[in-house]
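As structure tokens, the structure follows; a few thoughts come after it.
Please treat every number below as a calculation from the coordinates, not as lab data. For clarity, every value in this text was computed on a predicted model and none was experimentally measured. For neighbour counting, all protein chains shown are included, and Cβ atoms are generated from backbone atoms with ideal geometry for every residue, glycine included.
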Amino acid sequence: MLKTSSEILQELLDHLGIKANRLSVEIGDNSNSRIYYVRNGRSKISPKLAKAITNRYKEINYMYLLTGEGELVNKDIMVNTNGNVFVEKPDGSFNVTTRLIPFDAYSSFLETLDDANVIYEWEEVTFNVEKYGRGNYEAFRTKNDSMNGGGINDTPNRALVLGRELGRHHWMDGFNPTLYGWIILSKHNVFHKDIIGLDKEKGTIICHSRNKSPEYSDFELDLNEVYQIFKVIKRTF
């Protein structure tokens, strides 16, 4: 016997571990009416509602929401605890999809950190990676040529880069040299730099540019002013 839309909705809520009103917020239905009517059996899950749900939760099977046939979760799609979507490819690699934070729009990103009620619709981008990852991944569009010193591993202006977050509890272990540098999100600005020094007593790092132009000179940054640090693992330009 096929499940009703109300039963499918409850299964979805149980899988996501959230309540109906939270699902409404997540899919942009602030009135809560569409979810309310389905939950109370007054209407079915419509194609439009199913699309809104699967746009937000990409591992969810669109056709299952409509028909109850098959599985709720697409088995070839995995979503880690940070919301990064991994889709396995035939060669065993994965495409990871994450939001894109342009350096030019960093002030908008800061607003979302300072106020949980501020919601910004970020563009999403996809990178190919070797394996599924449990960490926190973000994509960035860089600004200026500070990390472009002409080397094969240097990064030009307006490049897209994929970063994997280094947890704050690891910062005092030091920052090893990397191929592509680090993305540093501070309270006032975002930087793409190499980290060439760590003063544990002062709690500061030295940020270094690969471009030798005087405008990109080294500077010291207080880690108390830093929200997050990401190791750049992929680039495209």
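Only residues that are within 18 Å of H170 (Cβ to Cβ) and of a type in the set (S, T, N, Q) were counted in region 201-237, giving 3. In summary, N153 fulfils each of the numbered conditions (1) surrounded by 14 or more Cβ atoms within 10 Å (Cβ to Cβ); (2) farther than 25 Å from K58 by Cα; (3) touching a residue at least 24 places away in the same chain (Cβ under 8 Å); (4) of a type outside the set (D, E, K, R) with the single exception of condition (1).
Considering region 24-39, the residues that are small (G, A, S) and under 22 Å from the mean Cα position of the chain (by Cα) include one that is surrounded by the fewest Cβ atoms within 10 Å (Cβ to Cβ), namely G28.
One residue stands out among those in region 53-62 that are surrounded by fewer than 18 Cβ atoms within 10 Å (Cβ to Cβ) and in contact with a helix residue (DSSP H, G or I) (Cβ under 8 Å, 6 or more places away or on another chain): the one that is nearest to N84 (Cα to Cα), which is R56.
Give me the residue from region 24-53 that is β-branched (V, I, T) and outside any helix (DSSP H, G or I) and, out of that set, nearest to L66 (Cα to Cα).
At the first step, the residues of region 24-53 found to be β-branched (V, I, T) are 25, 27, 35, 38, 45, 53.
The next check asks that each one be outside any helix (DSSP H, G or I); those that pass are 27, 45.
Details: I27: 17, I45: 6 Å.
So the residue we want is I45.
Restricting the search to region 216-231, which residues are of a type outside the set (V, I, T) and not in a helix (DSSP H, G or I)? Give the steps one after another, and end with the answer.
Filtering region 216-231 for residues of a type outside the set (V, I, T) gives 216-225, 227-228, 230-231.
Within region 216-231, S217, D218, F219, E220, L221, D222, Y227, Q228, F230, K231 meet the criteria.
Tell me which residues, restricted to region 65-105, are part of a helix (DSSP H, G or I) and surrounded by fewer than 18 Cβ atoms within 10 Å (Cβ to Cβ). Matches in region 65-105: L66, T67, D104, A105.
For residues that are among the aromatic types (F, W, Y) and in a strand (DSSP E or B), tally how many sit in region 130-168. Step through it out loud before you land on a result.
Step one: list which residues in region 130-168 are among the aromatic types (F, W, Y), which gives 132, 137, 140.
Add one more test, that the residue is in a strand (DSSP E or B), and what stays is 137, 140.
So the answer is 2.
Got a number for residues in region 1-23 being touching a residue at least 12 places away in the same chain (Cβ under 8 Å) and either in a helix (DSSP H, G or I) or surrounded by 14 or more Cβ atoms within 10 Å (Cβ to Cβ) (or both)? Break it down into steps so the answer makes sense when it comes.
Pass one, region 1-23, residues touching a residue at least 12 places away in the same chain (Cβ under 8 Å): 2-12, 15-16, 20-21, 23.
Now restrict to residues that are either in a helix (DSSP H, G or I) or surrounded by 14 or more Cβ atoms within 10 Å (Cβ to Cβ) (or both): 3-12, 15-16, 20-21, 23.
Residues meeting the conditions: 15.
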